[in-house]
Amino acid sequence: MRDGYNTSTIEYIEDKVVSDEDLPKLKLLHDVVNKRARLWLKTIESDMRQRILSHYGEMPSTENDYWLLSDGPMWVWWLLAILPLEPSVLIRIIKEQSLTARLSQVSQALKYIVTHQSKTKR
């Protein structure tokens with residue numbers, strides 16, 4: 001506590017550097033998950049999609065050399081803000097320091113959501 005205010009220290013968490021050997025696998029996974037996310041967005045009811053877009057804006061495009069960024073591509077964080085995930089699942093994804101692992105978890109979440117969505121529409 002300082003001057004009557006609660007204070008804390010923070011620790012910045014950065015992604016682990018992707019090795020040259022793992023980069024092709026990461027790029028492929030990235031492209032697959034990005035495409036799956038964009039397809040999922042198209043399946044959301046029009047009203048809901050419009051509310052998401054008016055609040056969060058359009059899904060960011062992929063940055064050049066996204067694997068070199070300290071926290072990966074922005075579109076992943078944008079997507080995590082709108083995905084209907086349990087808090088425990090969201091926290092597990094957010095705290096991941098491997099972009100490959102984070103993308104894999106997002107991919108699994110999208111698969112689950114799409115499967116659940118299609119079952120409720122029947």
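The values are calculated or read from the model by the stated rules, or taken from the named source; none is laboratory data. Keep in mind the model is a prediction, meaning the values are calculated, not measured. Here the Cβ positions follow ideal geometry from the backbone for every residue, glycine too, while neighbour counts run over all protein chains shown.
Observations
- Any hit, the stretch 9-21, residues being surrounded by 13 or more Cβ atoms within 10 Å (Cβ to Cβ), out of contact with any Leu (no Cβ under 7 Å at 6 or more places or on another chain) and either basic (K, R) or closer than 20 Å to Q108 by Cα (or both): no
- Close pairs (7 angstrom Cβ cut-off, 6 or more residues apart or separate chains): farther than 14 Å from V76 by Cβ in the stretch 100-115, of a type outside the set (A, V, I, L, M) anywhere: I113/W40; I113/P84; V114/W40
- Checked against the criterion of being among the charged types (D, E, K, R), modelled with pLDDT of 95 or more, out of contact with any helix residue (DSSP H, G or I) (no Cβ under 8 Å at 6 or more places or on another chain) and at positive phi, the stretch 62-81 has at least one qualifying residue.
- Tally of residues being of a type in the set (D, E, K, R) and in contact (Cβ under 8 Å) with a residue 12 or more places away in the chain across the stretch 1-56: 8
- The stretch 71-105, subset assigned to a helix (DSSP H, G or I) and of a type in the set (D, E, K, R), residue nearest to the chain's Cα centre (by Cα): R102
- Complete set of residues in the stretch 59-78 that are among the hydrophobic types (A, V, I, L, M, F, W, C), under 17 Å from S104 (Cβ atoms) and surrounded by 15 or more Cβ atoms within 10 Å (Cβ to Cβ): W67, W75, V76
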